[in-house]
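Here the structure is laid out as structure tokens; the discussion comes afterwards.
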Number of protein chains: 4
Amino acid sequence: MIIMNSEATKEEIADVVEEIKKYGLKADISRGEYRTVIGLIGDESKVDFAHFAALPGVKEARGVETPYKLISKEYSKRFGLESERRVVQAGNISIGGDNLVFIAGPCTIESKPQLFRIAEEVKKAGAHILRGGIFKPRSSVHSFQGLGANGRAGAEEALKWLHDAGQKFEMPVVTEVRGETQIDLVAEYTDIMQIGARNMYDQDLLAGVARTNKPILFKRHFGAGIGEFLSFAEYIAAEGNKDIILCERGILPVGKGKDYTRYTFDLAAIPAIQKETYLPVIADPSHATGRRDLIFNMSCAAIAAGASGLMIETHYNPSEALVDAQQMITPDELKEVIDACLRIHQLIAR
Amino acid sequence: MIIMNSEATKEEIADVVEEIKKYGLKADISRGEYRTVIGLIGDESKVDFAHFAALPGVKEARGVETPYKLISKEYSKRFGLESERRVVQAGNISIGGDNLVFIAGPCTIESKPQLFRIAEEVKKAGAHILRGGIFKPRSSVHSFQGLGANGRAGAEEALKWLHDAGQKFEMPVVTEVRGETQIDLVAEYTDIMQIGARNMYDQDLLAGVARTNKPILFKRHFGAGIGEFLSFAEYIAAEGNKDIILCERGILPVGKGKDYTRYTFDLAAIPAIQKETYLPVIADPSHATGRRDLIFNMSCAAIAAGASGLMIETHYNPSEALVDAQQMITPDELKEVIDACLRIHQLIAR
Amino acid sequence: MIIMNSEATKEEIADVVEEIKKYGLKADISRGEYRTVIGLIGDESKVDFAHFAALPGVKEARGVETPYKLISKEYSKRFGLESERRVVQAGNISIGGDNLVFIAGPCTIESKPQLFRIAEEVKKAGAHILRGGIFKPRSSVHSFQGLGANGRAGAEEALKWLHDAGQKFEMPVVTEVRGETQIDLVAEYTDIMQIGARNMYDQDLLAGVARTNKPILFKRHFGAGIGEFLSFAEYIAAEGNKDIILCERGILPVGKGKDYTRYTFDLAAIPAIQKETYLPVIADPSHATGRRDLIFNMSCAAIAAGASGLMIETHYNPSEALVDAQQMITPDELKEVIDACLRIHQLIAR
Amino acid sequence: MIIMNSEATKEEIADVVEEIKKYGLKADISRGEYRTVIGLIGDESKVDFAHFAALPGVKEARGVETPYKLISKEYSKRFGLESERRVVQAGNISIGGDNLVFIAGPCTIESKPQLFRIAEEVKKAGAHILRGGIFKPRSSVHSFQGLGANGRAGAEEALKWLHDAGQKFEMPVVTEVRGETQIDLVAEYTDIMQIGARNMYDQDLLAGVARTNKPILFKRHFGAGIGEFLSFAEYIAAEGNKDIILCERGILPVGKGKDYTRYTFDLAAIPAIQKETYLPVIADPSHATGRRDLIFNMSCAAIAAGASGLMIETHYNPSEALVDAQQMITPDELKEVIDACLRIHQLIAR
């Protein structure tokens, strides 16, 4: 990190950036109210910080060990860069601010009428953002892969439905980008780009999506520790995009025998991550539990744990859905969840 | 399971029990309002249920596959034996009833004044049951093992303090029994016997503690799936003791790198277990998170998930405690936790 | 699976393929010595197999449940399609045949002299295939990312070195493809395309790499069960590319406390996978253990478990390597490993 | 650790021990060829080592941080106490010496003829030690619990059979002790006392069994890291019993979906543990894999990894066994395993 004097000039900053590039590193420039801080992106182990400290306009220069320094609350606070919690803006919805945010919609978009009916009903139930899967990551190539599998035209048609449903019912929309070649297309039609749990480690995809400069909903891989999760979020931040919404969606179950929940919902990760980073954290009880009958309780628990919002798969008739039928709830049930969560949030946010 | 006719006589029941013994099995007799159900304990794979069905007084006889049939909500409901949730009584405190129960106290009893001061303060903060470790399970033989390590006399002295503190501040008391030879001594002085996570698989200890007929606080091992946890609770029930309080206290973390929480707090296990069994389920945020700064949020989350109560390590000066200093909270903090939990419980228990 | 009569005509086969496409599915045509089998790729749950069975030239038509049917040994045997073990050919090296195959080279290519010196020395030690990382997957954006990070020109230069070293020392070469945009470039210069553990779930990358029709070295993710690993290998096979070399490289450690090995080397997965699929399986003791002092024993163990070969990171001076210094061995040590493995293989391959 | 001068008198040693007791600690006295070393057992954090260093006869006194110092190879070497590997003697069989040791027998003793027939056949196949379960740890109280469940008389009868079979076929015998109340009885009839994986954390059982001064076969819990495993072995050593045979028997599987092996066989733990401690390490491929068809390969792999021996469940007719039928092999198969292992051991032990 290189902290510039408050009176440092544009030229002095540019000179520092030039010096950084000589090491084969990139610069991340953060302008706080009172000073500018330049983060180094890449391996800084061979950087001569004493040299930087002596450059004109530089107040302080020193190495930072943590692999997620750009999104670190500690460094952000120390340098006066971010408030306690970054508020990510998607359309007119703020994520990470004072109000809870609810993202709802079908697991998978199957048809225009299906999507529009669900959009209307989740909006009425209190949801703020509309979700719908188009490029579905699936464990088996022999399972339904979403409308994104129907070539570029099929994908684009579904993306348009999503966009139009968002317009009609006044909700920003989010869908998953599974591969690098889908980035441009998805960016054209959505407000938030989702990177799914299975792709958390895909650093090229992360960088590519980051460069759209759209807000990114970034899900934790089920085999990833918290430190790893944040280190990969740093790949997004390193492209200059800090509009990252972190999402806990369950980790690998432990123990022999059948799994009573689809994954282990690691709710303590929510406040633990909030101590580490200023990024907002939401939770996905649908994938974490995989059980419709646990959504109410686990949604309430996630909010009590401190989540800034929830993503919940919703369908007017869960049992007829092509994917994830056993974990979707109805719009009526969603309304109950949202109502309870709002009241718990009020209690917690003393 | 063998369901007797409502008019079955004592003799007919005794005859069925005799027949069961011939198979080398034991009988678990449950008397519901309208009928008596006899569960078979042991391997029933070679049992001739048709033969049982033909015995006088028998209404129905059939094998049950689940390894935790005696504590199963499904079977209990089918046979009209238990209500939705069993209420375990410890002194004048009901666990699993309408009211939340808070168990608090030091990780480890270090002295009489330490215990009495904490007892007084947690009572004032709203706790219902007093905890305090005497026989401490430790990862290292070179760590402080609790006063139980000071021979029988030392253990008994600490047990008396616990008992007396419970009397003085009107709280039932609970402490852990770590080995079979400690059972009688601990039973003499405590209201609830705790079996710790590390001993969950110790079936001889389970059976021995069960036979005291005291309520048992039974903690899930950090490597155990939910099915395994319930199957070992069945070892307690098989001794005729169904006053079992199940406790979720965290499972093994997943992922590389440092652990941000001591264990993974598996909160979805709480409602999942409640669907399987009529036994009450509580949670232990202290051991699950290992972090004082997460106790408030994760306590609220556990109650939102549906827990019937919490066990929280408390100390007037956490930093001077010999064991678990980093995860204990003060009585003042406990009060905040209890207050928030009570309000959340009201919201959830619609 | 649709099994054609031995005398089925090209036209009859084409008609079946047409019918398959009507369901939105793809066809995988396998021509065995005596018959042709057409696998369905995609969700066959709504397929009317009776209709297919009635088509001209069809002998039998029926659904297959397993998510990895195309690479399944069971189905392959039943339909007489593959021998016990598929032999994957890379240049003049056979993987999965009677002889063990050793892949060696540096973790990361750092310079032309480094690579050429290592290539020469591992060849002398008995290695058959040269490895060298260019696009390095790293946990931290602040770590050295390999020469692939130096733009397309930098990547291409390193790829040429790899290609030339392979030519000079007569070894096919392999390197990892981390993102879709790298596929064409890497395919131009290498004999085998590696998909790393972190990208195992990246189905778009898998499909893209598969379509190069080069042999693919496919590594198991550290959080993946065996069934999942095979289901994702099926994504490669579904593109018509069955030249897949599976690689066990360690899974997430279990238990609290420091990890004595980097990952848990799941050696029993090797014979277990070999019972499921005809694809060859190799092992990577370097990443699995992360410890130079365990490579000898664990290489021998992997061969004893039945592996068809090993991939071992090698460097003439491990301590000066930029990445993975603690797990690389010297060419002299490699020679000892290869010698011992060859003798164990002889013993095992009775 | 307190190292005495080579000429230290008995009285001086006794004085040091007295001082140690004043701290509430116990002393572990190890007499090497040239000096005596006194290990402190318990929490030494408050010990004044400068005071000890000043006592007559003391050469050096200093604290040791590792929780498994008594069994540590590093400390043992530094103080010249143990050779590279401790050889544990059971009857006329040496475990941890130059020769591999094979322990075989039924999972569970069902009858005298069953046991004697198996004993005869495994002896002929090359086994050195006879195993047979009497007190069976089971996941379900409704499964067959072994003859140990038939009261003290039943248990004693089975123990006598085991003892007699050992005498008749000249093999030391081993069986599991599951609870503290079984210790005396089992010690009377067996040469080696086994502590099973599920009881690894049961420190009171460990201490009790250690005090019989019999060799102890100590199995790693499936949820335990290597450090934890060794820390609990230290509980045994702390009772003055260092005749401990460590056994790797598989840890919790990782990943979603069905388990292709019963547990994950952590073979790299074998050499990793051997770097830490002088205690011999064996492996149990039967429980680790749970698959008869993998025993041959995984036995060979365990020996290649460096194991000092194997424990393999054997039955003349596996399919009729009451427990673990799917993982037992026949005596003929055992012979093949032993023959291959002996040849691999020769190769490895260069």
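Figures for the structure shown
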read-out: 10 Å Cβ neighbours from other chains, averaged over peptide D:274-281; value: 1
read-out: Taking chain B and dividing mean pair separation by its residue count, relative contact order in percent (alpha carbons under 8 Å, at least six apart); value: 15 percent
read-out: Within 10 Å of each Cβ in B:177-187, the average number of Cβ atoms from other chains; value: 3
read-out: The protein assembly as shown - convex hull of the alpha-carbon atoms, volume per residue in Å³; value: 196 Å³
read-out: The stretch D:40-108 and the stretch B:312-350: distance between their alpha carbon centers, rounded to Å; value: 42 Å
read-out: Selection from B:I195, B:C107, B:T264 lying farthest towards where the dipole of chain B points positive, charges on Cβ; value: B:T264
read-out: When the stretch A:113-179 is reduced to its Cα atoms, the Kirkwood hydrodynamic radius in Å; value: 12.5 Å
read-out: Prolate/oblate/rounded call for the stretch B:235-350, Cα gyration tensor, a/c under 1.5 rounded; value: prolate
read-out: Spin-label pair D:K275/D:A149, simplified geometry with 7 Å Cα→Cβ offset, distance in nm; value: 4.4 nm
read-out: Percent of alpha-carbon pairs separated by more than 16 Å within the stretch C:51-131; value: 69 percent
read-out: Nm distances between copies for A:Y34, ranked from closest, using label points 7 Å along Cα→Cβ; value: 6.4, 7.6, 8.5
read-out: Extension gain (nm, one decimal) between B:A349 and B:E60, 0.36 nm per residue minus Cα-Cα; value: 100.3 nm
read-out: Neighbouring partner chain Cβ atoms per residue of A:38-45, average, 10 Å criterion; value: 3
read-out: Per the axis that maps chain A onto chain C, nearest residue of A (Cβ criterion) and its distance in Å; value: A:G223, 1
read-out: Global form of the stretch A:249-315, assessed from the alpha-carbon gyration tensor, a/c cut-off 1.5; value: oblate
read-out: Two-site FRET efficiency, A:D339 against B:I29, from Cβ-Cβ distance with R₀ of 60 Å, rounded to 0.05; value: 0.85
read-out: Members of the stretch A:131-148 that become less accessible by 40 Å² or more once partner protein chains are added (1.4 angstrom probe, chain alone as reference); value: A:S139, A:V141, A:H142
read-out: Sequence-separation-based contact order of the stretch D:2-63, relative, with Cα cut under 8 Å and 6+ spacing, percent; value: 45 percent
read-out: Cα pair distances of the stretch B:2-63 binned at 10 Å [whole percent]; value: 25, 61, 14, 0
read-out: Accessible area buried at the D-C interface, both sides summed, 1.4 Å probe (Å², nearest 100); value: 3400 Å²
read-out: Dipole in debye (nearest 20) - the stretch A:263-350, about Cα centre, beta carbon charges: Lys, Arg +1; Asp, Glu -1; value: 380 debye
read-out: Convex hull per residue volume in Å³, alpha carbons only, for chain B; value: 143 Å³
read-out: Low-density loop cleavage sites - trypsin sites (Lys or Arg not before Pro) in the stretch D:41-138, where at most 15 other Cβ are within 10 Å (DSSP); value: D:K46, D:R62
read-out: Of C:V173, C:V87, C:V58, the one that fluctuates the most in a GNM where chain C has Cα springs shorter than 10 Å; value: C:V58
read-out: Inter-label distance, nm, simple model (7 Å from Cα along the C-beta direction), B:S6/B:D184; value: 4.6 nm
read-out: Pseudo-label separations to other copies for D:K21 - Cα-to-Cβ vector, 7 Å, nm; value: 5.1, 7.7, 9.2
read-out: Across the identical copies, how the C:N5 labels are spaced - nm, sorted shortest first, 7 Å along Cα→Cβ; value: 6.7, 9.3, 10.3
read-out: Between the stretch C:191-214 and the stretch A:244-296, the alpha-carbon center distance in angstrom; value: 29 Å
read-out: Kirkwood hydrodynamic radius (C-alpha pairs) into Stokes-Einstein, the stretch D:77-229, 25 °C and 0.890 mPa s, D in µm²/s; value: 151 µm²/s
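The values are calculated or read from the model by the stated rules, or taken from the named source; none is laboratory data. None of the values given here were measured: they were computed from a predicted structure. When we count neighbours, we look across all protein chains shown, and the Cβ atoms used for this are built from the backbone with ideal geometry, even at glycine. Just so you know, the surface numbers come from the protein's heavy atoms only, side chains and all, with ligands and any DNA or RNA stripped out. Shrake-Rupley method; radii C 1.70, N 1.55, O 1.52, S 1.80 Å.
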